[in-house]
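Note sheet for the following structure.
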Amino acid sequence: QVRLVESGGGLVQAGGSLRLSCAASTSTFSMYAMGWFRQAPGKEREFVAAISWGGGSTYYADSVKGRFTISRDNAKNTVYLQMNSLKPEDTAVYYCAAPPEGWSSMALADVKYWGQGTQVTVSS
């Protein structure tokens, strides 16, 4: 079982920045693809970004491309989401996610582990 714990959410004005962190409780962190999803009130959970085991490949939703950056530090068992140029429509609960060990897919149906979520609120 892998426990994921997010931190770094908060309230920010439009155009501002936040950095989310997700710490994973596993000794084989480097064998997990990692990702971020978000869920706004009344909407379905949606993919935001993903990163491969070694960090060499990253993937983004079109809505955040060019503004958000996902990265990881395998020595610290931590994945990050740097969010710049935030917009009110980025307001949501952000979840850290991981598929089973060794999997590369970050499709919603393939996620096995979820964090508890961290609230991001962007005011206009």
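Only the coordinates and a few stated rules stand behind these numbers; no lab work does. All figures in this text were calculated on a predicted structure; none of them were measured in a lab. Because the Cβ atoms are built from the backbone with ideal geometry, glycine has one as well, and the counts that use them run over all protein chains shown.
For Val79, the shell of other residues with beta-carbons less than 14 Å away shows a net charge of +2, using +1 for Lys and Arg and -1 for Asp and Glu. Relative contact order of the chain: 36 percent, from C-alpha pairs under 8 Å at least 6 residues apart in sequence.
What per residue convex hull volume, in Å³, do the alpha-carbon atoms of the range 1-121 yield? Present the calculation step by step, with values, prior to reporting the outcome.
Values: hull volume 11.0 nm³, N = 121.
Convex hull volume per residue, Cα atoms: 91 Å³.
Reachable aspartates and glutamates from Lys43, Cα under 20 Å, same-chain residues fewer than 8 places away excluded? Filter leaves Asp62, Glu89, Asp90, Asp110. To the nearest 20 Debye, how big is the dipole of the chain about its Cα centre, given +1 on the beta carbon of each Lys and Arg and -1 on that of each Asp and Glu? I would put it at about 160 debye. Ignoring lysines fewer than eight residues from Lys65 along the same chain, the ones with Cα atoms less than 18 angstrom from its Cα are Lys87.
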